[in-house]
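J.: Got a structure here, written out as structure tokens. Questions coming.
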């Protein structure tokens, strides 16, 4: 095909835009003359304002464009990289980052082009405004790509290390935020902290200052990022002493943000981190008099709640990858603030208060408030961007969080024993005895200090689950004592404690799934009253189950990483989870239901909810699996007409890609049954399998 004049393609686009209502049609590229015409138009006039619209159309139409569209993607990426208009460049980059079909083909090409531009900018002594803006956009975009799982991050680390002196405001802010983000997601990136210090004028520059740079322009942002870097280092620390040192450094930086820059976010976090540091400093059995000085007053707690509400309101309507998701921290903040308030109340009832609950809360707040929206993984443009949380998997804070949830679970066991009948009570009493013993031994070890993990000098007779190994590995004698307990009871205890931690948190993503499914199920006449409450509870537990398994490591849930996993692995895991969450109302392999045997039943007084469990090695959507749907619908023949299909998907999602977003794993289907006036309703749940660890993710080419 001969090249089309760029002006004619863009002129045709301007004419067509006036005839389209809302979103351009999916055949827009064909109406413009085809993919070669799109490429020619972008190459010929990349800085024409209409080129941005053309990039958006092209990105949206790639999935329907077939091989011709796929072959055009590299040229489109090159055209975007060549744009000189700062606004057009930034908008076009966003369009590419929100187009999974584009990234599937050219993510690595795009990242390489952006890194080259960032590196070139670092060598410019007197950049103009356009160069500054384009470099900032390029750095933010490549950060999103790398955090989103496209390729190794080390090229980004190298690009950031080139900045050795204060930079103009726009690019300096991008540098500071990029460093803060990569430290959250790769612990080794903490070596980039000097970059922030040099850019913000907090350390001696190692190269000449760039013309037009004023370190004070980003000093406020730098104080916030450095405070959070110290905080995440505290949450990753192996020992109480290391954690305390990093918490104190974090408090210093937050104090700078409050005293010098009057930052509202620092005003919120500073007293919280200071209180947690005080709890850690005071030790595991801090007395009431000491805590009276550490913990916020009742009025102080009220002010923290009001401050968080104001920050959320101020963020409302923002659409920025770095800031918008801070609203997701609301539930975690409320939990933390309430726990601190309860700590003060407890001073009048007990001689001491243990810090593990507050440390667990701080861990959850950090994960939520430091999440970032990176790239879109679904072709549905009404969906959400992938939300990636900081990686904090081991360390003193993680152990304290486990301890907090174990304490809560032990209390719940006491309450369940009081309500249990004679048949169930002995098993619960046994579980409580094990829980109390593990809790007491773990507190002794963590209060004493020491580096988590194996410390030599002996070995447990039976391997402990990883979470207990993290705590008891430094004390072989205690590890041997715990491992001598019933292995099955220990495994059940760990599962229940993990589920207790999940159940304490209700986040915005869970609410989004529940709200969507509630709207879909509202057409069912059965979805009212007690049935609705029960279905909502099962949905919420399923969301939490899938969310926890999305975060699970291979050593905890190996079947999720096994391409040949069988149905029994998911079946048993889900039963254990639901039983620990809902208790004895959950049955497994129940016969005589719809003429067959149902996998799982949640039995209420006057009705039951059935869950059919599958392992599926196809790429078809569950809604297209007619046999699954009909089987699940059959179990509803004599009960409420709402059920679940839960499938372990071993081929539906790329092994080397980032995990699909939680909200995309829950869908709804309707099954019409001949002769019935009302259709059967099904909640469809994907459990991604055949996964790889984050470190094993590869760039898509």
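J.: What's the Kirkwood radius of the range 176-295 in Å, using all Cα pairs?
T.: So the Kirkwood estimate lands at 15.3 Å.
J.: What number, in percent, do you get for the relative contact order of the range 506-701 if the mean sequence gap of Cα pairs under 8 Å and at least 6 apart is divided by its residue count?
T.: 22
J.: Separate question: Can you tell me the alpha carbon radius of gyration of the range 549-629 divided by the globular rule-of-thumb value 2.2 N^0.38 Å?
T.: For the range 549-629, the normalised Cα radius of gyration comes out at 1.22.
J.: Also, quick follow-up: Could you work out how far apart the two model spin labels at residue 158 and residue 668 are, taking each label as a point 7 Å from the Cα in the direction of the beta carbon, and quote it in nm?
T.: If labels sit at residue 158 and residue 668, their model points lie 5.0 nm apart.
J.: Of the peptides 38-48, 666-676, how do they stack up when ordered by the mean number of other Cβ atoms within 10 Å, highest first?
T.: The packing order, highest mean first, is 38-48, 666-676.
J.: Just order 425-435, 244-254 by mean Cβ neighbour count inside 10 Å, highest at the front, would you?
T.: 244-254, 425-435
J.: Tell me, what is a quarter of the convex hull surface for the C-alpha atoms of the range 1-105, in nm² with one decimal?
T.: 5.9
J.: For the range 54-91 and the range 105-151, what is the centre-to-centre distance using only Cα atoms, to the nearest Å?
T.: Going from one Cα centre to the other spans 17 Å.
J.: Which whole-number percent of Cα pairs in the range 124-221 have a distance greater than 24 Å?
T.: 15
J.: Turning to a different aspect of this structure: Using Cβ counts within 10 Å as a stand-in for footprinting exposure, how do 20, 35, 579 rank, fewest first?
T.: Going from sparsest to densest Cβ surroundings: 20, 579, 35.
J.: Right, something else. Kirkwood hydrodynamic radius of the range 503-662 from all distinct Cα pairs, in Å?
T.: Evaluated on the range 503-662, it is 16.6 Å.
J.: Peptides 524-532, 231-239: what's the order by average Cβ count within 10 Å, highest mean first?
T.: 231-239, 524-532
Every number in this text was worked out from the coordinates using simple rules, so none of it is lab data. Keep in mind that this is a model prediction, so the values were computed, not measured. FYI the Cβ positions are ideal-geometry reconstructions off the backbone, even for glycines, and counts take in every protein chain you see.
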